[in-house]
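Inspection log for the structure reproduced underneath, given as structure tokens.
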Amino acid sequence: MAVDITALYCCLDDFCQAFADWEAHQLIPAPTKRQRTGKLSRAEMLFIMVLFHLSPYKNFKTFYLYGIGHQHRACFRDLPHYDRFVSLMPRLFVPLMVLLHSLGGEHLLRRFEQARRLP
């Protein structure tokens, strides 16, 4: 499946800007929350996650080290180590769920919830 990665990144960047505006207007702001910027923006991290699911790789570590680290290295100016990226992945849960809901609606979220259930 051929993917226009520039259009995909632009779409995710626009989504992240809208999500940041929504997040800034929360009902109860957290005054002690750190707002330090990392090596990758939220849009870049979401881009890596979405690109993994569109790629033929079965293992995320292999995809990150070889797919991103070699094939798409020029797209990222300062790529963090794999372990650091994995530790940052929980931050992507809410934005990814909002993205799935906005793109596909309720049926995608139900499929995700059903896939997460243990037998």
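Computed from the coordinates by the stated procedures, all read-outs in this text should not be read as laboratory data. Predicted model, so just to flag it, every value in this text is computed and none were measured. We place every Cβ from the backbone using ideal geometry, glycine too, and count neighbours over all the protein chains shown.
Overview of values
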| item | result |
| --- | --- |
| Environment charge of Leu79, counting only residues whose C-beta is closer than 13 Å and scoring Lys/Arg +1, Asp/Glu -1 | +1 |
| Per residue convex hull volume, Cα atoms of segment 45-93, in Å³ | 76 Å³ |
| Hz values of 3J(HN,Hα) by residue in segment 80-87 - Karplus curve (6.51, -1.76, 1.60), Gly and Pro given as x | x, 5, 4, 4, 5, 4, 5, 5 |
| Neighbourhood charge, 12 Å Cβ-Cβ cut-off, centred on Phe52 and excluding it, Lys, Arg +1 and Asp, Glu -1 | +2 |
